[in-house]
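Reading through the structure tokens given below for one structure.
The values are calculated or read from the model by the stated rules, or taken from the named source; none is laboratory data. None of the values given here were measured: they were computed from a predicted structure. Note: ideal-geometry Cβ built from the backbone for every residue, glycine included; neighbour counts use all protein chains shown.
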Amino acid sequence: MVNATLQIRAWAESKKDLPGKFTGSTGVNILKADQLGPNDPRFSAWARKDFLKQTNVVSSGVGLKLMQKMGWTPGEGLGKGRDGPLEPLALDVKSDRKGKHPVSILMELCSKKKWHAPQFTCLESGPSNNRRFLWKAIVNGVEYQPSIPSTSKKTGKAQACQVVLQSLGLVPRDPSLPIVL
């Protein structure tokens, strides 16, 4: 790595007579692969599971000063009766795909695999007081469609995406959602 940096610097210095082009060094220290961390976001250095659970007690800052100006002292609860929670809220960093909407998972998949964005078409049926929506999704040239229509457009589109994800093997099969290819 040092040898490559020296070669680049020597090349850049040999080209100094080019007008209007920056060919020097910015002096930036490039991070190595082990410093950048793994590719899997679950093991990222920036978002650990206990990241927001192990925090220090706030002992300075604008918020503390404003609260003290309004009569609050550290160690007492918030609220009219001063009986609010004393501990800060424990937040958890989400690092898995559980709870993610099927439409967003499918869009991310298409983007990751460099496929065209999925095309959705909706077929409406039934009387105006009892509409049914049957969605079709075309992903990478293949058409997917659930066999049961939905009562709302939003859930119908989510069902179509769920069918695509099940067919691709990314989500376990749901026996209550039959598939039509």
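Structure data summary
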read-out: So G79, is it over 30 Å from K136 (Cβ atoms), at pLDDT 85 or above and loosely packed, with under 12 Cβ neighbours inside 10 Å; value: no
read-out: Hey, S111 over 17 Å from V171 (Cβ atoms) and exposed (fewer than 12 other Cβ atoms within 10 Å of the Cβ) or not; value: yes
read-out: Residue that is surrounded by the most Cβ atoms within 10 Å (Cβ to Cβ) [pool: residues in the range 141-152 that are more than 11 Å from L106 (Cβ to Cβ) and out of contact with any Gly (no Cβ under 9 Å at 6 or more places or on another chain)]; value: Q145
read-out: Contacts under 7 angstrom Cβ, first residue in the range 153-181 being farther than 21 Å from E124 by Cβ, partner among the aromatic types (F, W, Y) and modelled with pLDDT of 90 or more, 6 or more apart; value: S167/Y144; L181/Y144
